Amino acid sequence: MGKLVSDASVIVKWFIEEEHTGEALRLRDMHVNGEILLAAPLLAVSK
């Protein structure tokens with residue numbers, strides 16, 4: 001399983017349509033499906 005660290009700019013794209021939203025949604029889906037482990041700094045939630 002691959003491991004990735006995301007920042008707030010990727011997480012925002014899950015909720016707001018921006019450039020590269022498709023890639024951000026694919027990362028989210030891969031995490032939900034157990035294909036990768038996606039982590040984010042605690043501050044990403046507050047942004």
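A short reminder: the numbers here are calculations on the coordinates, not readings from a lab. In this text, all values refer to a predicted model and were calculated from it rather than measured experimentally. In this analysis, Cβ positions are derived from the backbone assuming ideal geometry, glycine residues included, and neighbour counts consider all displayed protein chains.
Things to note:
- Exposure proxy order (Cβ contacts within 10 Å, fewest to most) of GLU17, GLU35: GLU17, GLU35
- Taken one residue at a time, the phi angles of region 15-21 give Karplus couplings (6.51, -1.76, 1.60, θ = phi - 60°) of 10, 10, 5, 9, 4, 6, 4 Hz. Gly and Pro are set to x.
- Gain upon complete extension [GLU23, ALA8; 0.36 nm per residue less C-alpha separation]: 4.0 nm
- For the chain: rounded, prolate or oblate by the Cα gyration tensor [a/c cutoff 1.5]: oblate
- Entry note, the chain: relative contact order of 55 percent, from Cα contacts under 8 Å with a spacing of 6+ residues.
- For region 2-46, size of Cβ-based charge dipole, Lys and Arg +1, Asp and Glu -1, in debye: 200
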